[in-house]
Amino acid sequence: MATEQPILTPGADAPPRRGLRLQSRRVVELVGLGLLVVAPVVLGDSFAIDRLGRYLLLAAFAMTVDVVWGYGGMFTFGHAAFFGGAAYVVAILTTQQNGVLPLPLWPAVAIGVVAAAALAWAIGAFTFSGRFALRGVEFAVVTLAVSFLLERLMNAGGSVTGGQNGILFDVRLEIGPLDLQRRLPFYMLAAVILVAAYFGLRRFVTARTGLVNLGIREDEDRVALLGYRVPAVKRGVLVLSAALAGFVGSLYYVHEGIVSPAAVGVDASTLVLLWVVLGGRGTLIGPVVGAVLLNMLTASLSGMLLGTWLVVVGVVLVAVILFFPSGLFGFLSGPEGRR
Amino acid sequence: MRLRRMVTMAVALAVALAACGGGAAEETDPISIGIIADLTGPFTTYGTSLDRSARLAINEVNEDGGIDGRQVEVITEDIQTDVAATVDKARQLVESDEVDLVMGPIGSDANDAAAQAVVEDNGALLFYTETYEGGKCLPTYFSFGAVPAQQIRPFIPVLQEEFGPRVLLFGADYVWPRRSFEIAKPIIEENGGEVVGEIYLPLVAEDFTELVSAVRDTQPDYMFSLYPAAFAPALQALDDAGLLEGLGQGNIFVGDPDLPGVIDLAQGMYTTLPYFTAIDTPEATEFLEAFQAEFGEDAIPSGGEGVGAYVAVHLYRQAVEQAGTTEAEAVAEAMVGQTFDGPTGTVEVMPSHHLKQTIHMVRAEGDGYVLVDSFADQDPEEDCEL
C-alpha cells in the first residue's frame with residue numbers, strides 16, 4: 001500500500017481548535033495528577049492501592065504502544081514481547097544459580113531493558129528498510145509472529161525459562177534499604193514512573209523526532225521525500241518504546257512474583273491494544289485512562305458477575321467504540337505542536 | 001488530675017470492651033472460604049467443577065450447623081485460566097477479603113503463582129485440589145488431587161499384564177508430564193517393563209509426525225500418555241497412520257468430562273484417577289446425586305479437581321474444629337492425620353500435606369468408563385518435611 005491508512009483513524013471527527021485542545025489536555029492532566037495524589041489518601045496502605053499501582057505500570061506500557069501505534073502509525077501486535085521479554089531476562093538473571101549469576105535486581109533490569117531494545121532494533125532492521133520495508137498490516141504480522149514465537153520459546157525453554165510454569169522471582173523491588181515491593185511504596189514507585197514516562201513521552205512526541213514520527217504516520221513517502229531517514233526514525237521510536245516497555249514490564253513482573261509464557265504472548269499483546277483504543281489513540285493520556293479503567297472494570301466485574309462478566313466487558317467496549325470511535329479521549333488527538 | 005484519671009479509665013474500659021467485642025465476634029462470625037477457579041478460558045470445565053464441588057460441600061457443612069457453629073461464606077473469583085489474574089485474585093481474597101482459606105486453582109503455573117501469593121507472601125492457607133506433578137512443600141499449602149506415584153505404581157503392572165512390557169511414554173512438554181514420567185520409569189523397570197521411547201510435544205502441537213514415527217519405529221505394546229490439551233488430535237494422527245489398532249493405551253488424566261472427546265479413538269483405554277462417575281460406593285452415588293440435584297442432570301464432576309475440593313472442605317471443617325481456631329498454622333497442624341470417607345474412598349492427610357487416597361482404575365468401553373479396580377491407601381510418596 002502506498003499511503004499509511006491508520007486502522008482506526010484518530011481525530012476522525014473534526015478536531016477542535018488547537019488551543020482548546022491544549023487546554024482540555026491540561027485539564028485532563030491536572031485531574032489525573034490529582035487522582036494519583038488522592039488515591040493513596042483514600043485507599044491507604046491496602047490491597048486496593050497495590051492493585052492500582054499495578055494498573056499504573058500497565059498504563060505506562062499502554063503509552064509505549066501509543067507512541068509506536070498512535071503517533072507513529074506502526075501497528076504493533078506484539079508489544080508484550082518487550083514488556084514480558086525483559087521480565088524473562090530479569091527472571092533468568094536473578095534466579096539461575098550458575099557462573100556469575102544470580103545478579104542483583106537493578107543490573108538485571110538494565111540488561112533486560114537492553115535486551116528488549118535489541119529485539120526492537122532487530123525487528124526494525126529487518127522490517128523497516130531493505131527489500132522488505134514492511135508497513136501497516138505486514139508490520140503487524142511480523143510483530144505478532146515475534147510475540148507468538150517468543151511465547152512458544154518460553155514454553156519450550158526447559159529449566160532455563162521454566163516451561164509453561166514460568167519462573168518465580170527470588171528478588172523483590174527494593175532500592176538499597178527501601179522496600180518497594182508491595183502496597184503503598186509500590187504504588188508510589190509506579191506513580192512516579194508513570195508520571196515521568198508521561199511527561200518524557202509528551203516531550204518526545206512534540207520534539208523534532210516525535211514530529212517526524214507523526215509525519216510518517218500521516219504520509220511516510222512524503223516524509224522520506226523531504227529527506228528524513230524514515231527507517232532510522234521508525235527504528236529509533238520502536239527501540240525507545242521497547243526499552244521503556246521492557247523497564248516497566250520488568251518491574252511489573254517482579255512485583256507479580258512470577259513471569260510465565262503468557263507475559264510475552266499474543267493475548268497480552270492484544271489486550272494492550274484494547275486499552276489504547278478505549279482511551280484514545282495518539283493522546284498518551286487516553287491509553288493511561290483506558291488501561292486503568294478497563295483493568296478496574298475487569299477486576300470488579302469478574303468477581304461480581306461470574307460467568308457473564310466477559311459479555312458485559314465486551315458490550316462496554318463495543319459501546320465505547322460505537323459512541324467514541326476515536327476513544328474516550330480521542331478529542332485530545334490530532335497534530336501535535338511545540339508547547 | 002481527676003479528669004485525666006477518668007479519661008484513662010474510660011480509655012481502658014473502651015479498650016477492654018473492644019477486645020471482648022473482638023473475641024466474641026470471632027466465635028460467631030462466619031468463616032469465609034475464597035475459591036480461585038477458572039470459570040472462563042481453556043480450563044472452564046475444571047474450574048467450574050472445582051467451584052461446584054466446593055460449594056456442594058460448603059452447603060452440606062452449613063446445613064449441618066457450620067464449622068463449630070459458625071456458618072461458612074464463600075467468595076468465588078474467576079481467574080480466567082490466566083496466571084496474572086490468579087495472582088491478583090489470590091491476593092485480593094487474602095489481603096482484602098481476608099478469607100480464612102483459599103481453594104484452587106487448576107493449572108500448574110497458576111498453582112505456583114497462587115502458592116507464592118497466598119502461602120509465601122501472606123502465610124495463609126491454600127488448598128490445591130487438582131491432579132498435579134507433586135513436589136510442592138510449604139507450611140500452609142495442602143494438595144488434595146492425585147500425584148504421579150499413587151496413580152502410576154499400582155497401574156503399571158495392570159497395563160503390562162494387559163498389553164505387554166514395552167511402553168512408549170508420550171507427554172506434553174512441561175513439568176507435569178516430565179515429572180510424572182521420571183517417577184514412572186523406575187516403576188516400569190521394577191516391574192520388568194521396558195521404556196522403548198519417550199516423546200514430548202508442545203502443549204498444543206499441530207504436527208504429530210514425530211509421535212507417529214516414534215510409534216511406527218518402536219512398535220510399543222502400549223502408549224502411556226499425559227497429553228492433556230490436545231489428546232484427540234494426537235490419537236487421530238495415529239489412527240490416520242493405521243497405528244492405533246492394536247496399540248494399548250494407558251493414561252492418568254482423562255477424566256469423565258474429557259472422555260467424550262476421545263472415546264471413539266480410545267476403546268479399551270485404561271485411566272487412573274481418584275474419582276470417576278463409575279464408582280458405585282454408597283458415598284460416591286450419594287455425592288453424584290447431590291451434585292446433579294444441585295447443578296443439573298448434565299453436570300459431571302471432573303476427574304480429580306472437582307471431587308478433591310469436596311473432600312478438602314470436609315477435611316478443613318474437621319481440622320478447624322479440632323484446632324478450635326481458623327488461624328492458618330494451627331489449622332495446618334490439625335490437618336495432618338485427618339481422615340474422611342467420601343466419594344473417592346477413604347483419604348488421609350499425610351505429613352507431606354498430600355493425601356493418601358484410593359485410586360480408581362477404569363477402562364473405556366462403549367460410550368463411557370467401566371470401573372475395573374480400586375487401589376486403596378495409595379501413598380503419595382512425597383518426601384516433604386515440614
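The values are calculated or read from the model by the stated rules, or taken from the named source; none is laboratory data. This structure is a prediction, so every number in the text was calculated from the model and none was measured. All Cβ positions, glycine included, derive from the backbone under ideal geometry; neighbour counts span all protein chains shown.
For every residue, the table says whether it meets (1) modelled with pLDDT of 95 or more; (2) surrounded by fewer than 19 Cβ atoms within 10 Å (Cβ to Cβ).
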residue	(1), (2)
B:Ala205	no, no
B:Leu226	yes, no
B:Gln236	yes, yes
B:Gly255	no, no
B:Leu259	no, no
B:Gly268	yes, yes
B:Thr271	yes, no
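Out of B:Ala110, B:Ala114, B:Ala57, which single residue is under 17 Å from the mean Cα position of the chain (by Cα), within 13 Å of chain A (Cβ to nearest Cβ) and modelled with pLDDT of 95 or more?
Going through B:Ala110, B:Ala114, B:Ala57 in turn, the sole match is B:Ala114.
Output the residue which, of all residues in region A:284-325 that are away from chain B (no Cβ under 14 Å) and out of contact with any helix residue (DSSP H, G or I) (no Cβ under 9 Å at 6 or more places or on another chain), is modelled with the lowest pLDDT.
Per the stated criteria, the residue is A:Pro325.
Out of all the residues in region A:201-222, which are free of Cβ contacts under 8 Å to residues at least 12 places away in the same chain and either crowded, with 20+ Cβ neighbours inside 10 Å or closer than 30 Å to A:Val254 by Cα (or both)?
Correct list: A:Arg203 only.
Which fully enclosed helices (runs of 4 or more DSSP H) of region B:280-354 have 1 or more residues being within 20 Å of B:Val102 (Cβ to Cβ) and not polar (S, T, N, Q)?
B:305-323, B:328-335
Taking B:Gln92 and the conditions (1) in contact (Cβ under 8 Å) with a residue 24 or more places away in the chain; (2) at the interface with chain A (Cβ under 8 Å from one of its Cβ atoms), which numbered condition does it fall short on, given that it satisfies the others?
Against the list (1) in contact (Cβ under 8 Å) with a residue 24 or more places away in the chain; (2) at the interface with chain A (Cβ under 8 Å from one of its Cβ atoms), B:Gln92 comes up short only on (1).
It is to be established whether one or more residues within region A:248-268 are assigned to a helix (DSSP H, G or I), over 30 Å from B:Asp109 (Cβ atoms) and out of contact with any His (no Cβ under 7 Å at 6 or more places or on another chain).
Looking through region A:248-268, none of the residues is assigned to a helix (DSSP H, G or I), over 30 Å from B:Asp109 (Cβ atoms) and out of contact with any His (no Cβ under 7 Å at 6 or more places or on another chain).
Quick one: how many residues across region A:150-166 are more than 9 Å from every other protein chain (Cβ to nearest Cβ) and either surrounded by 22 or more Cβ atoms within 10 Å (Cβ to Cβ) or within 21 Å of A:Leu119 (Cα to Cα) (or both)?
Of the residues in that region, 7 qualify.
Could you tell me which residue of region A:21-70 is farthest from A:Glu218 (Cα to Cα), considering only residues that are in contact with a helix residue (DSSP H, G or I) (Cβ under 8 Å, 6 or more places away or on another chain), more than 14 Å from chain B (Cβ to nearest Cβ) and of a type in the set (Lys, Arg)?
A:Arg25
Against the definition (more than 9 Å from every other protein chain (Cβ to nearest Cβ) and modelled with pLDDT under 95), how does B:Gly69 come out, yes or no?
yes
Please give the number of the condition A:Phe126 fails out of (1) over 30 Å from A:Leu33 (Cβ atoms); (2) within 14 Å of another protein chain (Cβ to nearest Cβ); (3) loosely packed, with under 15 Cβ neighbours inside 10 Å.
Every listed condition holds for A:Phe126 apart from (2).
Collect the residues in region A:326-339 that are on the phi < 0 side of the Ramachandran plot and modelled with pLDDT of 85 or more, keeping them in residue-number order.
A:Ser326, A:Leu328, A:Phe329
(1) away from chain B (no Cβ under 14 Å); (2) within 18 Å of the chain's Cα centre (by Cα); (3) within 19 Å of A:His79 (Cα to Cα); (4) part of a helix (DSSP H, G or I): which one isn't true of A:Arg281, the others all being true?
(4)
Only one of these is surrounded by fewer than 21 Cβ atoms within 10 Å (Cβ to Cβ) and touching a Gly at 6+ places or on another chain (Cβ under 7 Å): A:Phe324, A:Phe329. Name it.
A:Phe324 is the lone residue from the list that is surrounded by fewer than 21 Cβ atoms within 10 Å (Cβ to Cβ) and touching a Gly at 6+ places or on another chain (Cβ under 7 Å).
Quick check on my filter: what residues within region B:65-78 are assigned to a strand (DSSP E or B), among the acidic types (Asp, Glu) and either in contact with an Asp or Glu (Cβ under 8 Å, 6 or more places away or on another chain) or in contact (Cβ under 8 Å) with a residue 60 or more places away in the chain (or both)?
Within region B:65-78, B:Asp78 is the sole residue that qualifies.
Do we find a residue being loosely packed, with under 14 Cβ neighbours inside 10 Å and modelled with pLDDT under 90 anywhere in region A:102-120?
no
Exactly one condition in (1) within 14 Å of chain B (Cβ to nearest Cβ); (2) surrounded by fewer than 22 Cβ atoms within 10 Å (Cβ to Cβ) is false for A:Gln96; which is it?
Single failed check for A:Gln96: (1).
Within region B:119-143, work out how many residues are within 11 Å of chain A (Cβ to nearest Cβ) and buried (at least 24 other Cβ atoms within 10 Å of the Cβ).
1
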